[in-house]
Amino acid sequence: QVQLVESGGGLVQPGGSLRLSCAASGIIFSRVLMGWYRQAPGKQRELVAAVSTYGRTDYADSVKGRFAISRDNVKNTVYLQMNSLKPEDTAVYYCNAKYFTFDHWGQGTHVTVSS
């Protein structure tokens, strides 16, 4: 049974930092593309960052220079370090695993950036 379990969300002030984690089980983690998506109220889900099996990273323009995605293939975990957070980063953040036709989502973790 595949499981992606996110953690690390919460309330943070503008300019603050959070680190999200996504622990995977039931998959060969080292073979899958891992990504973080987010969905703000009333908006479509969007890609925030992704990391390939060999470590190549891609970021949405809105988070470049502020967010960093990384993966630990021993712990089967992907991380999203979020710095210099802005109110517009407020959203539910979802972990995603892709491998050919395999496409699995976590349950999401809430991030609220507010003073």
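The values are calculated or read from the model by the stated rules, or taken from the named source; none is laboratory data. Please read these numbers as outputs of a predicted model, since none were measured by experiment. Cβ atoms come from the backbone with ideal geometry, glycine included; neighbour counts cover every protein chain shown. The area values use the complete protein model at the heavy-atom level, side chains included, leaving out ligands, DNA and RNA. Shrake-Rupley method; radii C 1.70, N 1.55, O 1.52, S 1.80 Å.
Apply the Karplus curve 6.51 cos²θ - 1.76 cosθ + 1.60, θ = phi - 60°, to the phi angles in the stretch 23-37 and return the couplings in whole Hz, x for Gly and Pro.
Computed from phi, the couplings for the stretch 23-37 are 9, 10, 8, x, 9, 7, 4, 5, 9, 10, 6, 10, x, 10, 10 Hz.
To make sure I understand the rule: partners must be lysines, Cα under 20 Å from the Cα of residue 98, and not fewer than 8 residues away in the same chain. Which ones qualify?
75
With the full set of protein chains in place, find how many percent of the accessible area of the chain is carbon and sulfur; take the probe as 1.4 Å.
Within the chain, the accessible surface is 49 percent carbon and sulfur.
When only DSSP loop residues count, what trypsin sites (Lys or Arg not before Pro) in the stretch 47-115 have their Cβ near at most 13 other Cβ atoms within 10 Å?
Sparse-neighbourhood loop trypsin sites (Lys or Arg not before Pro): 56, 64, 75.
Using alpha-carbon pairs under 8 Å, 6+ residues apart, how would you state the relative contact order of the stretch 38-103 in percent?
Normalised by residue count, the contact order of the stretch 38-103 is 28 percent.
In whole Hz, with x marking every Gly and Pro, tabulate ³J(HN,Hα) for the stretch 63-70 from phi via Karplus 6.51 cos²θ - 1.76 cosθ + 1.60, θ = phi - 60°.
10, 4, x, 10, 10, 9, 9, 8
Just the accessible area per residue of the chain, please: how many Å² with a 1.4 Å probe?
Value returned for the chain: 55 Å² of accessible area per residue.
Cut-off under 19 Å on the C-alpha distance; same-chain residues fewer than 8 positions from residue 86 excluded. Which lysines are left, in chain and number order?
Within the straight-line cut-off, residue 86 pairs with 43, 64.
Which value does Rg/Rh take for the stretch 33-82 over its C-alpha atoms, Rh per Kirkwood?
0.99
Can you give the local net charge around residue 23? Use residues other than it whose beta-carbon is closer than 15 angstrom to its beta-carbon, Lys and Arg +1, Asp and Glu -1.
Neighbourhood net charge equals +1.
Between residue 44 and residue 62, how many nm apart are label points set 7 Å from Cα along the C-beta direction?
With each label placed 7 Å out from Cα toward Cβ, I get 1.3 nm.
Over 10 Å intervals from 0, what percent of Cα-Cα pairs in the chain sits in each interval?
So the P(r) values, bin by bin, are 15, 50, 29, 6, 0.
Can you give the charge dipole size of the chain about its Cα centre, rounded to the nearest 20 debye, using +1 on the beta carbon of Lys and Arg and -1 on the beta carbon of Asp and Glu?
Computed charge dipole of the chain: roughly 140 debye.
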